[in-house]
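See below for the structure under consideration.
The values are calculated or read from the model by the stated rules, or taken from the named source; none is laboratory data. Keep in mind it's a predicted model, so treat the numbers as computed, not measured. Ideal geometry is used to build each Cβ from the backbone, glycine not excepted, and the neighbour counts take in all protein chains shown. Accessible surface areas use protein heavy atoms only, side chains included; no ligands, DNA or RNA. Shrake-Rupley method; radii C 1.70, N 1.55, O 1.52, S 1.80 Å.
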Amino acid sequence: MDLSTDICGIELSGPVLNGSGTFDALAARRVFGDSLIEDFPFDCYVSKTITMNPRPGNPPYRLWETPSGMINSIGLPGPGLDGFLERDLPGLAGLGVPLIVSVMADQVEDFEVLVSRVATRDEVAGIELNVSCPNVHSGLIVGEQPSETEALMKALRPITEKPLIVKLTPNVANPQEVAVGAEAGGADAVSMINTVKAAAIDPGVNRTWLGVGAGGLSGPAVRPIALAQVRAVSASVGIPVIGMGGITDAESALEFILAGARVVAVGTENFRDPRAGSSVTEGLPAALGRRGFGSLAEAQAASLD
Ligand code: SIN
């Protein structure tokens, strides 16, 4: 079955992306070699979020497993913009699939620099604006306020014609209002959901487990929240939605398509199974067929009662 599709002008051989920060393609290539490229698990690769300057990330502990999920408090560790462009981008450009680079800043001016410099690179098909990380105190309230999201987009839109994708937080009452603000400011797509604010208590002593006290919950536990929000947002905007939140297999991926997502991303499941993206793709024809669809496009066009 032909699964080819597109997201805001980026042609894809199928609808399965990775969630930013959930699959380290450079490390995976070091371990698995070129076999990773020959059978890459995703139809488009989204980088870990890049910041202006190198960051060590949050103090330990950074991860906690929950029933049907995981809390992370990673805190966006990374090489910074220069390190990413010099060292990481050439390797990511050789993965054989379109590349979306995720960026995050704590002031609009830094977002402008990040977008300008990343957009000049031919290897980059699109840019995702992470305005929704719960683990970093950015000083910006962009992702929580529709007007701030719109203002950020209006500042960034003139910089590049490359697709700009806004990563939405689920930690607001009405994510559709933020999505409407993103669209009004010129966003080409939204991706959702980022993680749900969460905490864990150390089982041994009376303190919080995570180094900074709280983090973000992901995995199957958040899937019903994600489906509700994808459905609400996709009904509110004309731009496409990249849906994610606890996708583990083709059936759960298809749930997101039916909720209104154009394409999907696999996140937490990659930690359990690095080939999860391939399993989703391999299962999609049968999952589509079981629901009576003859193609991916038919499911993308379907509306729920
Ligand atoms: C992190 O590095 O803290 C996770 C990234 C995110 O939630 O956006």
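Results, tabulated for the structure shown:
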item	result
Within the chain: Cβ-based charge dipole about Cα centre, in debye rounded to nearest 20 (Lys, Arg +1; Asp, Glu -1)	640 debye
Carbon + sulfur, % of accessible area of segment 62-169 - ligands and nucleic acids excluded, 1.4 Å	49 percent
Dipole of segment 126-184, positive end: most advanced residue of Val142, Ala184, Leu156 [Cβ charges, Cα centre]	Leu156
Local net charge near Pro98, Cβ-Cβ under 15 Å (Lys/Arg +1, Asp/Glu -1)	-4
At R0 = 51 Å, FRET efficiency that the Cβ-Cβ distance of Asp6 and Lys197 yields, to 0.05	0.95
Summed residue charge, Cβ within 10 Å of Gly9's Cβ, Lys/Arg positive, Asp/Glu negative	-3
Protein-only accessible surface order, largest first, of Glu161, Glu123 at 1.4 Å	Glu161, Glu123
Accessible heavy-atom area order of Tyr45, Tyr61, highest first, probe of 1.4 Å	Tyr61, Tyr45
Segment 204-277, accessible surface, carbon-and-sulfur percent (1.4 angstrom probe)	55 percent
Sequence of Asp122, Asp249 from largest to smallest accessible area, 1.4 Å probe	Asp122, Asp249
Protection proxy ranking of 185-194, 67-76 - average other beta-carbon atoms within 10 Å, highest first	185-194, 67-76
Convex hull of the chain built on C-alpha atoms - directionally averaged projected area, nm²	15.1 nm²
Accessible solvent surface per residue of the chain, calculated while the other protein chains remain in place, 1.4 angstrom probe, Å²	42 Å²
10 °C / 1.306 mPa s Stokes-Einstein diffusion coefficient of segment 166-305, Kirkwood radius on C-alpha pairs, µm²/s	99 µm²/s
Charge dipole of segment 1-94 about the Cα centre (unit charges at C-beta), most positive-ward option of Phe23, Pro60, Met1	Pro60
Separation between Cα centres of segment 141-159 and segment 196-212, rounded to whole Å	33 Å
Size of electric dipole in segment 217-305: Cβ of Lys, Arg +1 and of Asp, Glu -1, about Cα centre, debye, nearest 20	120 debye
DSSP bridge orientation in segment 175-305 - percent antiparallel, rounded to nearest 5	45 percent
Inverse of mean 1/r across different Cα pairs in segment 184-253, Kirkwood, Å	14.0 Å
Pairwise Cα inverse-distance average, inverted: Kirkwood Rh of segment 97-250 (Å)	16.2 Å
Volume per residue of the C-alpha convex hull in segment 2-105, rounded to whole Å³	138 Å³
